[in-house]
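Engineer: My questions all concern the structure below.
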Amino acid sequence: MELNKREVLSSKVFDVLMHSPTFTAVLSGPDHVIEMANDLYMLTVGPERQIVGKSVKEAFPELESQGFIDLLDEVYTTGKPFIGNELGVDLLREPGKATVKVYVNFIYYPQRNDQGDIIGIVVHGIDITDHVLSRKKLEESRQTLQNLITNIPGGVYRYNYSDPWNFVFVSHGMKSICEYDMMDLEGPDVVWRELIHEEDKQRVLTALEESLGGSEGYNVTYRIKSKSGKYRWVTDRGQVVYDQYSHLIAEGIISDITDKKLAEELDQKNQLLFRTYAEAMPHMAFVANAKGDIIYYNKRWYDYIEGLEGTEGWGWKDKSIHHPDDLARTIESWGKSLESGESYEIEYRLRRFDGEYRWHLGRAEPIRNKNGEIELWLGSNTDIHNQKQTEEELRISQERFNLMTQATNDIVYDFDVKKRSFWWNDNLVTIFGYPTQELGRDVDWWTNRIHPDDIPRVNKLIKSVLKGSQVSWAAEYRFKSGDGAYTDVLNRGYVWREDGKPVRIIGTMIDITPRKQIEKALQESEARFRALADNISQLAWMADANGNIHWYNKRWYDYTGYGLEEMKGWGWKKVHHPDYVNAVVEKISICFKNGQVWEDTFPLRNRNGNYRWFLSRAIPIRDENGLITQWFGTNTDITEQLGIEEALRKSEEFNRRILESTPDGIKTLDLDGRLLSINKQGLKMLEIDDFTQLKGHEWFELWSGKYKKEAINCFRKAKNGELGHFEGTKPTLRGKQKWWDVLVAPIYDGQGNVDRVIEVSRDITELKEVNRQKDEFLSIASHELKTPVTSIKGSIQIIERLLEDQNYELIGKFVTKAELHVDKLLSLIHDLLDVSKIQSGKLEFNFSEFSLIDIVEDCVEQMSHQSKKHIINVKGDLSQTIRGDKVRLEQVMCNLLTNAIKYSPDYDIIEVEVTDAVDEVKIAIIDKGIGIPEEKISQIFEKFFRVEDALHQFQGVGLGLYICAEIISRHDSKLEVFSELNRGSTFFFSLPKA
Ligand code: ADP
């Protein structure tokens, strides 16, 4: 059997046992393992021994042969306590030394657990060695006395002082006096009075009679007739007294004084008697004279105190024999007795040879002579140390008990089973309101106050407790208070048994009204909980710690159409969808096992056979020790929410896609205008890689000047729920200037309040440019078209008038002029057509091989017609053959030469330079004209771009260089320019050799 040590030894019990005034040890198990031993126990068995944790057999090998282990075994198996009285045990107190004989009174008391199984034995006992040894000595000395009385020469007697003087007792000595046996003398046949010599008889009778009134007894000498008929002289000393039955008896001693020697011997023996008696006494005896000088100490004194020499007389005062605190008291008391002659009695501590002060009871009685004067004091000292300690411990224990009963709120009682009477503590007065004088001590007083309905039950219980062997009892019943009302009490008691019979029941009676109220409140709260649970919109249930469901709310039954019988335990599985039930069971089982909160979503079938979706949760309910006692679960119908959630999910997905795929940059701002988020396109447009460098920055700060004002204004509008819109230009973070179309709009929260602002910006840089170009083109085109058309129209009007005059010479001039303008118009129309062809990719080329002269000479020729002022110098070898579109390259040459002339109003030499390279020919057209500002050079090949010059106004639409660059690029080359303002320009390109 596995032993629970706590069962054998609770800490409280341990404490009590440790301080028990008896030697105490607690043994557990069939091997009697020593679980604890108090100090007294250790002192008894030998303080140096290591015994705790060992079996008795191991701890005390010397006990095995003495039968104690067999006794323990018997107690352990039968459960009957064993009480040993004055058993001698040989203990090996110090290893290697001789055993010591110790006498003990003890009990082996079986210990049972709650189930009644024996789990150990408690050993309680008292070391009575001192007591036994003293008693043995006393017995010996009594025996000695008896022997002396029996054996002293002379007869000691007692007889009834009425006829016929039959002896009640005679000592052996009588035989040697009168030759009669004791039997004869104590029998009816021999009558002492008749043995007295006739001559002496009357004198003896008179002496006895006279002694009746006095205190000294009688002392007579007379002759006695022995059995053989011889007379012997005897001295008879004795007295006539009343015995305990009020009969007059004569007691005395008869000495044969026939022989004087005999008398002397008798005297000596008397002295010996005293000495022997005194020496054999278990106490420390002393004799003092009338002045109080100690004249004799018996041997016990010498054994007890070391260095008794010099203590005679009053020497003991200075020898520190008494405890310093007791000495003055002792001297005073002794002095008083000496003065008054009254008995001396005092308790004091006397120092033993080993230095220990032990309590003694000191006594002395005066011995007076016949004149009543004190001759001697006979004194004794009895060791009462253990008794005194026991008394003290008892007093403390009683005090503790009293304090405890006062301090507790419980009613404490002690019921004496035999007397059928109670002791109650004061709480019966204070708590139940009984006046002290009304407190009954008998059992009926108590029974009469139990509620009549509870009496049979309580009585039955009590009877079974008293008959049985249990050590405790408990009952709840109603008990009447002083005011007549009944209170719920819990009565718990410990049944004290002696030899298996109940002797006392010590217990408490507690007012459990508060507990009952809590129970009631609990029941009510439970009812309230159920009502609540039945009315919530969810399905609810409760399961035990293993997950067996034992309760569902009404909704569950309403929904499923099943009752508890079908649903309890794991019956709920039948309303689950077969496709989901296994996963649900698996998940919930893990949660039940691990004590984790359970959450799951699954369909449940309703009473009509339709499934609806439920979000289910269960939480464990734990007791104060953290152990799960219950599970509480709910199932919430989320079928509708699932639909909404799906729609929400789709809409979110939709929004996300829009945000990702839109070409616009979209930012969200908080109500302080700080950037919260930006979409990918937005990042790209701003030319940044990482939003973190912008996050939290104020959006307006991205703008400057008037656009910043616009931005702030639009943001305010959006905050007020309006739309803000503006166009503005600002550089990207990498410095690229761009134009933006910005829309700022509010975002509302669920309550309709603006909680964020959205900003959508579109890159309109290109659009802006196209618009600019369009505007510019329109203004240029209208001017360039209007000029020749006006001129042609003017020429035609003049020609009409000249036709009337028939002035053909002038007509010819104007026709030529009109033709010139028509050519200009045609050239413009050609350019526009070319641009449109370039843009639609339809500009066609006819490649062939031809000489450079073909494209240079005609052009130079044409230019000389256009401007008489400018001279075109051609340098280099023009005879080389190249490959390309002859017409288009001629167009390029003419265009570049036209520009060179046009933009050199103040300088008249133009150069065409042809340079030969390995595979190609480089052609440069050089003028010393107005040149192009550096910052504009990059733009001059764009369509419609013209450098505005405040000093000069040149005609043109800005298409020539655009077309030229395109044509050269189609020849796998590049048209390039080198120009300095007011210094002239050089346009150059290379062409592949044929
Ligand atoms: P346009 O019809 O204006 O001449 P082009 O495309 O031929 O158009 O030339 C574009 C612009 O380049 C001109 O408007 C002029 O400002 C500049 N440009 C062209 N050639 C020269 C040059 N040789 N010297 C100075 N500026 C020139």
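The values are calculated or read from the model by the stated rules, or taken from the named source; none is laboratory data. Remember, predicted model here, so these are calculated numbers, not experimental data. Neighbour counts run over all protein chains shown; Cβ positions are idealised from the backbone, glycine included. Surface accessibility is based on the protein's heavy atoms, side chains included, excluding ligands, DNA and RNA. Shrake-Rupley method; radii C 1.70, N 1.55, O 1.52, S 1.80 Å.
Engineer: State which residue pairs qualify: first residue open to solvent by 60 Å² or more (accessible area, probe 1.4 Å) and inside region 590-611, second residue among the basic types (Lys, Arg) in any location, beta carbons under 8 Å apart, and separation of 6 or more residues or different chains.
Structural biologist: So the pair list comes out as Val597/Arg617; Glu599/Arg617; Tyr611/Arg605.
Engineer: Please give the strands (runs of 3 or more DSSP E) falling wholly within region 870-952 in which 1 or more residues are within 10 Å of the ligand (Cβ to nearest atom) and either aromatic (Phe, Trp, Tyr) or surrounded by 20 or more Cβ atoms within 10 Å (Cβ to Cβ) (or both).
Structural biologist: Counting at least 1 such residues, we get 909-916, 920-926.
Conditions (1) open to solvent by less than 50 Å² (accessible area, probe 1.4 Å); (2) under 15 Å from Arg352 (Cα atoms); (3) of a type in the set (A, V, I, L, M, F, W, C), marked per residue:
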{"site": "Gly313", "(1), (2), (3)": "yes, no, no"}
{"site": "Lys319", "(1), (2), (3)": "no, yes, no"}
{"site": "Asp325", "(1), (2), (3)": "no, no, no"}
{"site": "Thr330", "(1), (2), (3)": "yes, no, no"}
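Engineer: Which residues, counting only those in region 341-367, are outside any strand (DSSP E or B), more than 18 Å from Ile294 (Cα to Cα) and not hydrophobic (A, V, I, L, M, F, W, C)?
Structural biologist: Arg352, Asp354, Gly355, Glu356
Engineer: How do the helices (runs of 4 or more DSSP H) wholly within region 464-567 filter down when requiring 3 or more residues that are over 30 Å from Gly626 (Cβ atoms) and in contact with a strand residue (DSSP E or B) (Cβ under 9 Å, 6 or more places away or on another chain): which remain?
Structural biologist: Those helices (runs of 4 or more DSSP H) span 554-560.
Engineer: In addition: Restricting attention to region 977-994, which residues are within 13 Å of the ligand (Cβ to nearest atom) and assigned to a strand (DSSP E or B)?
Structural biologist: Matches in region 977-994: Val977, Phe978, Ser979, Glu980, Gly984, Ser985, Thr986, Phe987, Phe988.
Engineer: Here is a further query. Name, by its number, the condition in (1) open to solvent by 70 Å² or more (accessible area, probe 1.4 Å); (2) in contact with a helix residue (DSSP H, G or I) (Cβ under 9 Å, 6 or more places away or on another chain) that does not hold for Asp637.
Structural biologist: Looking at each condition in turn, Asp637 falls short on (1).
Engineer: Sticking with this one: Among the residues of region 421-463, what is the count of those that are among the hydrophobic types (A, V, I, L, M, F, W, C), assigned to a helix (DSSP H, G or I) and in contact with a strand residue (DSSP E or B) (Cβ under 9 Å, 6 or more places away or on another chain)?
Structural biologist: Number satisfying all stated conditions: 8.
Engineer: Could you tell me whether any residue of region 682-695 is over 25 Å from Asn771 (Cα atoms), under 49 Å from the mean Cα position of the chain (by Cα), surrounded by 14 or more Cβ atoms within 10 Å (Cβ to Cβ) and modelled with pLDDT of 90 or more?
Structural biologist: The answer is no; no qualifying residue exists.
Engineer: Looking at region 953-969, which of the residues that are within 10 Å of the ligand (Cβ to nearest atom) and not in a loop (DSSP other than H, G, I, E, B) is most open to solvent (accessible area, probe 1.4 Å)?
Structural biologist: Tyr962
Engineer: Suppose the filter is without any contact (Cβ under 8 Å) to a residue 24 or more places away in the chain, farther than 30 Å from Leu43 by Cα and not in a loop (DSSP other than H, G, I, E, B); does Met174 pass it?
Structural biologist: no
Engineer: Give me the pairs: first residue in region 37-61 and in a strand (DSSP E or B), second residue among the β-branched types (Val, Ile, Thr) and surrounded by fewer than 17 Cβ atoms within 10 Å (Cβ to Cβ), beta-carbon distance under 9 Å, and six or more apart or on different chains, which are they?
Structural biologist: What qualifies is Ala37/Val52.
Conditions tested, residue by residue: (1) part of a loop (DSSP other than H, G, I, E, B); (2) farther than 23 Å from Glu279 by Cβ; (3) in contact with a Gly (Cβ under 6 Å, 6 or more places away or on another chain).
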position: Leu133; (1), (2), (3): no, no, no
position: Lys137; (1), (2), (3): no, no, no
position: Ser141; (1), (2), (3): no, no, no
position: Gln146; (1), (2), (3): no, no, no
position: Asp200; (1), (2), (3): no, yes, no
position: Leu205; (1), (2), (3): no, yes, no
position: Glu216; (1), (2), (3): yes, yes, no
position: Val220; (1), (2), (3): no, yes, no
position: Arg223; (1), (2), (3): no, yes, no
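Engineer: Determine if region 517-532 includes at least one residue that is open to solvent by 50 Å² or more (accessible area, probe 1.4 Å), among the acidic types (Asp, Glu) and at pLDDT 90 or above.
Structural biologist: No, every residue in region 517-532 fails to be open to solvent by 50 Å² or more (accessible area, probe 1.4 Å), among the acidic types (Asp, Glu) and at pLDDT 90 or above.
Engineer: Just checking, which of Thr508, Thr513 is open to solvent by 30 Å² or more (accessible area, probe 1.4 Å) and in contact (Cβ under 8 Å) with a residue 40 or more places away in the chain?
Structural biologist: After applying the criteria, what remains is Thr508.
Engineer: Right, next: Answer yes or no: is there a residue in region 437-448 that is within 18 Å of Asp511 (Cα to Cα), open to solvent by less than 20 Å² (accessible area, probe 1.4 Å) and in contact (Cβ under 8 Å) with a residue 60 or more places away in the chain.
Structural biologist: Checked against the condition, which is being within 18 Å of Asp511 (Cα to Cα), open to solvent by less than 20 Å² (accessible area, probe 1.4 Å) and in contact (Cβ under 8 Å) with a residue 60 or more places away in the chain, region 437-448 yields no hits at all.
Engineer: Pick from Leu820, Leu803, Leu743: which is out of contact with any Lys or Arg (no Cβ under 6 Å at 6 or more places or on another chain) and under 30 Å from Ala711 (Cα atoms)?
Structural biologist: Leu743
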